[in-house]
Amino acid sequence: MAEKKMQSLAKDTAIYGVSSILGKFLNWLLVPMYTYVLTESAEYGQVANLYAWSALLLVILTYGMETGFFRFANKNKEQAGKVYGNTLISIGTTSLLFGVATYVFASPIAQVLGYEQHPEYIAMLGAVIAMDAFGSIPFAWLRFSSRPIKFAALKLLMIITNIFFNIFFLVICPWIYAKTPGLIDWFYKPDYGVGYVLVANVIQTVVVTLALIPEIRKAKFGFDGALLRQILKYSLPLMILGIAGIMNQTLDKIIFPYLMADKALAISELGIYSACFKISMVMMMFTQAFRYAYEPFIFAQHKDKNSKEAYADAMTFFIIFSWLIFLGMVFYLDIIQYLIRSDYRVGLRVIPVVLLSYIFQGVFFNLSLWYKLTDKTHYGAWISIVGTLITLAINIVFVPVFSYMASAWASFACYLVMMVISYVLGQKYMPVAYDLKKIGFYSLLALTLFGVSLLIKTPYLFLTIALKTVLLIIFVFIVIKRDFPIRNIPYLSRFFNRT
């Protein structure tokens with residue numbers, strides 16, 4: 001029975017994981033298109049700023065109710081439909097009020113945020129956030145009901161719809177307008193740019209919200225004030241943790257335009273920084289893929305899910321794979337640079353710093369098991385708040401002088417400190433014997449190879465890439481020789497045992 005449950009967990013995890021990672025990858029592909037299609041880096045800066053606000057507001061507008069739903073639906077599965085209905089009522093009410101408020105006050109909000117010429121941006125963004133917040137609960141219901149295939153299908157529908165309309169408005173329509181403008185000039189404005197990114201998002205959200213109607217209808221809409229108060233009491237503290245967490249990821253993009261005297265330059269610099277930051281998200285996608293794939297394997301090998309040996313093994317291999325991805329990115333920046341338009345490439349120097357930040361972030365998330373398993377989640381909130389204060393302080397002090405490089409180093413410092421604090425406290429409350437010697441060895445090896453790569457400068461791109469590839473092969477060979485299970489594969493093992 002336990003083995004069947006583990007197999008089911010592994011299958012569901014794979015489906016959720018593939019849909020999540022594929023969705024992120026497809027969205028990531030929009031970044032190169034934006035840099036080539038939008039006329040100025042300032043336009044992409046506006047996209048980054050608006051969606052940073054969107055991420056923060058979405059956390060506030062869901063106020064921990066997704067987790068609250070899981071907690072109370074699992075507590076009494078016979079009442080799951082009632083919990084679902086009351087959660088929907090709460091989120092639906094606040095989302096509707098938020099959507100109406102952003103529409104009514106779009107102009108003053110736009111003036112405050114620097115979009116006074118386009119108050120419709122605020123109205124569209126408000127509608128998207130409201131519908132996304134409401135939709136988070138039906139998506140949670142699908143997960144609760146163990147329906148990963150429909151969950152994944154709807155998530156991919158969101159991404160595909162968004163990509164299609166982005167390409168339609170930003171690539172196809174300009175081509176048609178250049179050839180036969182009379183065909184589309186009744187709805188298409190060639191200078192609307194960023195607006196069409198939001199239009200595509202609105203269409204995507206409406207389509208998916210309509211697709212969720214069958215799931216919404218399954219709720220039992222009988223208002224229960226006592227039950228809702230219990231759910232809110234549990235959920236609202238989680239909102240604080242969520243806000244602190246998302247602020248660590250988006251705060252720099254929110255406050256950046258206000259930290260430089262020249263606002264036009266600030267939004268242009270933000271566009272360059274955000275595009276290069278997004279390129280670095282390959283690290284996040286691959287490390288997330290590793291966690292989805294490797295964690296079920298670890299739990300299958302160690303029948304006890306609280307096995308500290310399993311946690312230590314997972315951490316070691318997570319870090320090894322993270323360094324492999326780091327080297328793969330930084331060694332091939334000479335090729336990766338062509339993903340973005342030439343005037344954005346000055347910002348590529350942030351990529352190694354951002355990649356290191358993502359490694360620290362991944363380690364922090366792996367370490368977070370101690371406060372989750374010991375019911376000390378308030379520590380997670382405090383650690384995240386410390387990270388937010390670090391991000392805020394470094395950005396405010398150094399962005400006016402060093403521009404977006406200060407933001408990159410702020411992210412680095414934020415997650416480094418969070419990682420160290422979490423490790424120290426974790427060893428106090430739930431000690432895990434992480435293999436620090438092995439982790440240190442691979443970290444030093446990766447950083448040494450990175451340092452050597454900086455010395456490789458030839459007039460020939462092919463030769464430069466070839467020499468850096470040799471460095472990558474050295475890292476892979478040492479990993480395989482020392483630790484990776486591939487050495488146990490028949491035939492291949494003969495080679496490694498001879499060397």
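The values are calculated or read from the model by the stated rules, or taken from the named source; none is laboratory data. This is a predicted model, so every value here is computed, not measured. Here the Cβ is made from the backbone with ideal geometry for all residues, glycine too, and neighbour counts use every protein chain on show.
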Check your understanding: Is at least one residue of the stretch 256-269 assigned to a helix (DSSP H, G or I), surrounded by fewer than 20 Cβ atoms within 10 Å (Cβ to Cβ), of a type outside the set (Lys, Arg) and free of Cβ contacts under 8 Å to residues at least 60 places away in the same chain?
Key -> yes
Practice item. Of the conditions (1) within 21 Å of the chain's Cα centre (by Cα); (2) closer than 25 Å to ALA312 by Cβ; (3) free of Cβ contacts under 8 Å to residues at least 24 places away in the same chain, ALA413 clears all except one; give me its number. Key: (2)
Check your understanding: Does ILE122 fit the bill of being buried (at least 21 other Cβ atoms within 10 Å of the Cβ), aliphatic (A, V, I, L, M) and either modelled with pLDDT under 90 or closer than 30 Å to LEU227 by Cβ (or both)?
Key -> no
**Study point:** Only one of SER268, SER280 that is under 25 Å from VAL31 (Cα atoms), polar (S, T, N, Q) and at pLDDT below 90
**Key:** SER280
Check your understanding: Regarding LYS253, is this residue surrounded by 20 or more Cβ atoms within 10 Å (Cβ to Cβ) and assigned to a helix (DSSP H, G or I)?
Key -> yes
Review point. Are any of the residues in the stretch 400-411 in contact with a helix residue (DSSP H, G or I) (Cβ under 9 Å, 6 or more places away or on another chain), outside any helix (DSSP H, G or I) and outside the structural domain of LEU241 (by TED's automatic domain parsing)?
Key: yes
Exercise for review: Filter the helices (runs of 4 or more DSSP H) completely within the stretch 15-76 down to those with at least 3 residues that are within 20 Å of ALA266 (Cα to Cα) and over 13 Å from the mean Cα position of the chain (by Cα).
Suggested key: 30-37, 41-62
Exercise for review: Scan the stretch 368-397 for residues that are of a type in the set (A, V, I, L, M, F, W, C) and either modelled with pLDDT under 85 or in contact with a His (Cβ under 6 Å, 6 or more places away or on another chain) (or both) and jot them down.
Suggested key: LEU369, TRP370, LEU373, ALA381
Check your understanding: Tell me, which residue of the stretch 424-455 that is in contact with a Ser or Thr (Cβ under 6 Å, 6 or more places away or on another chain) and in a loop (DSSP other than H, G, I, E, B) is nearest to TYR371 (Cα to Cα)?
Key -> MET430
Review point. Only one of (1) under 23 Å from the mean Cα position of the chain (by Cα); (2) closer than 27 Å to TYR44 by Cβ; (3) surrounded by fewer than 20 Cβ atoms within 10 Å (Cβ to Cβ) is not met by ILE149, so which one is it?
Key: (2)
Revision key, fill the gap. Contact list, first residue from the stretch 314-336 and outside any helix (DSSP H, G or I), second anywhere and among the aliphatic types (A, V, I, L, M), beta-carbon distance below 9 Å, six or more apart or interchain, is TYR332/ILE465; TYR332/LEU472
